[in-house]
Structures are given as C-alpha cells and as structure tokens.
Amino acid sequence: MTLREKQNALVTRFSIIEDSHERMSAIVARGQKWPGVPDEERTDVRLVRGCVSRVWLVCEVADGVAHFRMSADSPLVQGLAALLCELYDGGTPVEIAEVEPDLLEMLGLARQLSPTRLNGLANVRRTMREFAAVQLA
C-alpha cells in the first residue's frame with residue numbers, strides 16, 4: 001500500500017466517527033497504543049524542536065522502509081504525532097519525502113487545533129522529512 005493509499009485508509013477509518021470531539025478522542029486513545037520511546041532513549045538528539053509539548057521521535061530504516069516510535073508529554077500531542085507516525089511507518093524514504101500529510105485537514109482536525117499545536121505537528125513532519133532526506137543522500 002502506498003502512503004497516499006494509507007492516508008486515504010486512515011481518513012476513511014476516522015471519518016466514520018461523525019462527532020469531531022469523539023474523533024479526536026479516538027485518535028488520542030490510539031496514540032497511547034503507538035510504540036513509545038523508553039526513558040533512556042529520550043535524549044536531546046531525539047527531541048523534536050519547536051514543539052510546546054516535548055516530543056521524542058525515533059526514526060529507523062530496516063529493509064528499505066522507515067519505522068517510527070514516539071512519545072510526547074501531552075496525550076493530545078501523543079495522539080496527533082502517532083497519527084503521523086502511523087501514516088509514514090512502513091514508507092520508503094522517497095515516499096516520506098514526497099507525500100505531505102493532508103489527513104488533518106481531511107478529518108477536520110486542523111480547525112480544532114491551535115496554531116501552536118499545528119506548528120508543533122509541522123515540526124514533527126519536518127523531522128520525518130529531514131530523516132528521509134538523509135537516507136536518500
């Protein structure tokens with residue numbers, strides 16, 4: 001499945017929940033199940049810069065595809081960042097560099113988030129894109 005197909009599948013899965021607050025709650029709950037970053041790996045190197053809540057992101061490549069683990073101080077940020085991780089996990093570095101996440105807008109979540117939260121998520125995405133670029137170099 002391509003990342004564009006995966007994004008459409010995620011949008012379809014969460015669009016079933018009509019109430020936007022319930023949809024956000026489901027994303028937060030799902031984020032609590034995403035593979036986290038143990039305390040000993042929560043280093044400054046893995047800290048995403050520019051987020052109000054601290055987010056640690058571990059990016060790895062195995063067999064040509066990327067895998068992401070993350071943890072955040074805030075449950076809301078944990079859920080939203082995990083959504084990005086779920087989208088890009090299993091993608092190739094080329095796909096990660098090229099496919100932009102439209103799912104926040106498609107699910108109506110961008111309207112619910114403060115500019116600060118949106119900026120923090122943009123920094124998580126930037127970190128993923130930079131990781132992919134290093135893999136392509």
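A compact table of results
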read-out	value
Residue that is touching a helix residue (DSSP H, G or I) at 6+ places or on another chain (Cβ under 7 Å) and open to solvent by 40 Å² or more (accessible area, probe 1.4 Å), where the choices are M106, M70	M106
Residue in region 117-126 that is modelled with pLDDT of 90 or more, crowded, with 19+ Cβ neighbours inside 10 Å and touching a Cys at 6+ places or on another chain (Cβ under 6 Å) present	yes
Scan of region 2-19 for residues that are touching a residue at least 12 places away in the same chain (Cβ under 8 Å) and open to solvent by 40 Å² or more (accessible area, probe 1.4 Å), ordered by number	T2, R4, K6, S15
Hey, L57 at pLDDT 95 or above, buried (at least 17 other Cβ atoms within 10 Å of the Cβ) and under 14 Å from E130 (Cα atoms) or not	yes
Scan of region 20-58 for residues that are touching a helix residue (DSSP H, G or I) at 6+ places or on another chain (Cβ under 7 Å) and in contact (Cβ under 8 Å) with a residue 60 or more places away in the chain, ordered by number	R23, I27, V48, R49, G50, C51, V52, S53, V55, L57
Contacts under 6 angstrom Cβ, first residue in region 59-73 being farther than 12 Å from V124 by Cβ and β-branched (V, I, T), partner open to solvent by 50 Å² or more (accessible area, probe 1.4 Å) and outside any loop (DSSP other than H, G, I, E, B), 6 or more apart	V61/Q135
Some residue of region 102-122 being among the β-branched types (V, I, T) and either free of Cβ contacts under 8 Å to residues at least 24 places away in the same chain or touching a Leu at 6+ places or on another chain (Cβ under 8 Å) (or both)	no
Residues satisfying the stated conditions in region 74-85, i.e. in contact (Cβ under 8 Å) with a residue 40 or more places away in the chain and over 12 Å from R125 (Cα atoms)	P75, L76, V77, Q78, G79
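Residue-wise test of (1) assigned to a loop (DSSP other than H, G, I, E, B); (2) of a type in the set (A, V, I, L, M); (3) more than 30 Å from P93 (Cβ to Cβ); (4) more than 13 Å from the chain's Cα centre (by Cα).
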site	(1), (2), (3), (4)
M1	yes, yes, no, yes
R4	no, no, no, yes
Q7	no, no, no, no
R13	no, no, no, yes
H21	no, no, yes, yes
A26	no, yes, no, yes
W34	yes, no, no, no
E40	no, no, no, yes
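The values are calculated or read from the model by the stated rules, or taken from the named source; none is laboratory data. The model shown is predicted, which means the values in this text are computed figures rather than measured ones. Cβ sites come from the backbone with ideal geometry, for glycine too, and all protein chains shown count toward neighbours. Ligands, DNA and RNA are stripped out before the accessible areas are found, and what is left, the full protein with its side chains, is counted by its heavy atoms. Shrake-Rupley method; radii C 1.70, N 1.55, O 1.52, S 1.80 Å.
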